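**Q** Submitted below is the structure of interest, expressed as C-alpha cells.
The values are calculated or read from the model by the stated rules, or taken from the named source; none is laboratory data. None of the values given here were measured: they were computed from a predicted structure. Glycine gets a Cβ as well: all are built from the backbone with ideal geometry, and neighbour counts include every protein chain shown.
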Amino acid sequence: MSKLIIGNQKMYMDYDKVNDFIEMLKQNNLENVIVCPSFLFLNDYKNIVKTGAQNVSYNDNGPSTGEISSTQLKTFGINYCIVGHSERREFQKETDEDINKKLVKLLNQDITPILCIGEKLEERENNSTETVIKNELDIDLKDLSTEFVNKIIIAYEPIWAIGTGLTPTNEQIDEMMKMIKNYVSTNFNAQVKVLYGGSVSDKNVDELNTIDSVDGYLIGGASSKKDQFDYIIKSNK
Ligand code: PGA
C-alpha cells in the first residue's frame, strides 16, 4: 500500500525557491502527499497540494502576538498541523501538557494533527525508549476520546536521527511502529497511522518502503530539496 509522504520544510526555504518547488509538485501524483511549509508560504501551496502548518497556538483568538490559532488555520483552509516537533520541545520549551492543549484545539476544528514523539540517543542507549514514548503519549493524548485519537497521525522521530543522516535499523523501526499502534489500540481503542521520521532521503527511501508497518514518512531536510522530494514521491508506488 502506498505510504503517506509529509514534508516538514521547517525554516529551510526562502520565497524565491517556492515557485520552482511547486512546479515540481505539479508533475507528480500528490494523492498521498502533504507539504508543511513556513506559515508565510501556505497560501502558495494550498491549492496545489494538501497543506499543513508546522505549529499552532493553544490559545483562542486574542492578544497572542506572533501566534496563529486553530480557527485561523481552519478558516484559511488548512487541514493538517504538526504538533510537538522535537525542535519546538527543545528550543521553545514546549511541554507535553502544551501539546495536549494544542491537539484539543486542532481536533475541535477538525484539523488533522501530526503528533511527533521520539527518544534521545541516551534514552535509546539505556533501553528506555519504550518508557519515554509511552510517557509522552500518556500526557499528549490525555483525556482524548477514541474518536479524536482516531484522527491523529503519529510521527515516530528518534531525536538522534533528525538531520543527522543516522536511522534506526528496519527492525527497530518496525518494533516502534507496532509498539505505538498497540499502545493506541489498548489505551484508546483507536487505530492510527504511524509515520517514521528522521533522515529519510532519496538514498534510503527505497529500503524504508519495504517496512510494511510504516504508514508513511515525516521528511525534514529532503522535503525542501526539489530533486530529493521528487524522487521520494515517485518512489512511492
Ligand atoms: P530530517 O527531519 O528529515 O531532516 O531528519 C525530520 C523532521 O524533523 O521532521
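**Q** Take the residues in region 182-202 that are over 22 Å from Ile111 (Cβ atoms) and outside any loop (DSSP other than H, G, I, E, B); name whichever of them is nearest to the ligand (Cβ to nearest atom).
**A** Tyr196
**Q** Within region 39-57, can one find any residue that is of a type in the set (Lys, Arg), farther than 24 Å from Asp140 by Cα and away from the ligand (no atom under 16 Å from the Cβ)?
**A** Yes, because at least one residue in region 39-57 is of a type in the set (Lys, Arg), farther than 24 Å from Asp140 by Cα and away from the ligand (no atom under 16 Å from the Cβ).
**Q** Can you tell me which residues in region 150-190 are touching a Ser or Thr at 6+ places or on another chain (Cβ under 6 Å) and among the acidic types (Asp, Glu)?
**A** Asp174
**Q** So, in region 34-48, how many residues would count as being under 21 Å from Ile232 (Cα atoms), surrounded by fewer than 20 Cβ atoms within 10 Å (Cβ to Cβ) and in contact with a helix residue (DSSP H, G or I) (Cβ under 6 Å, 6 or more places away or on another chain)?
**A** Looking only at that region, the number is 1.
**Q** Has region 68-90 got any residue that is in contact with a Phe, Trp or Tyr (Cβ under 7 Å, 6 or more places away or on another chain), touching a residue at least 60 places away in the same chain (Cβ under 8 Å) and within 17 Å of Lys151 (Cβ to Cβ)?
**A** No, region 68-90 has no match at all.
**Q** Now for a different question. Evaluate the following for Ser199: is it over 27 Å from Asn100 (Cβ atoms) and small (Gly, Ala, Ser)?
**A** Judged against the criteria, Ser199 is a match.
**Q** Hey, another quick one. Quick one: which of Asn150, Asn126 is at pLDDT 95 or above, surrounded by fewer than 18 Cβ atoms within 10 Å (Cβ to Cβ), closer than 23 Å to Ile219 by Cα and away from the ligand (no atom under 16 Å from the Cβ)?
**A** Answer to the selection: Asn150.
**Q** Looking for whichever is over 25 Å from Gly221 (Cβ atoms) and of a type in the set (Ser, Thr, Tyr) here; the options are Ser38, Ser64. Which one fits?
**A** Among Ser38, Ser64, only Ser64 is over 25 Å from Gly221 (Cβ atoms) and of a type in the set (Ser, Thr, Tyr).
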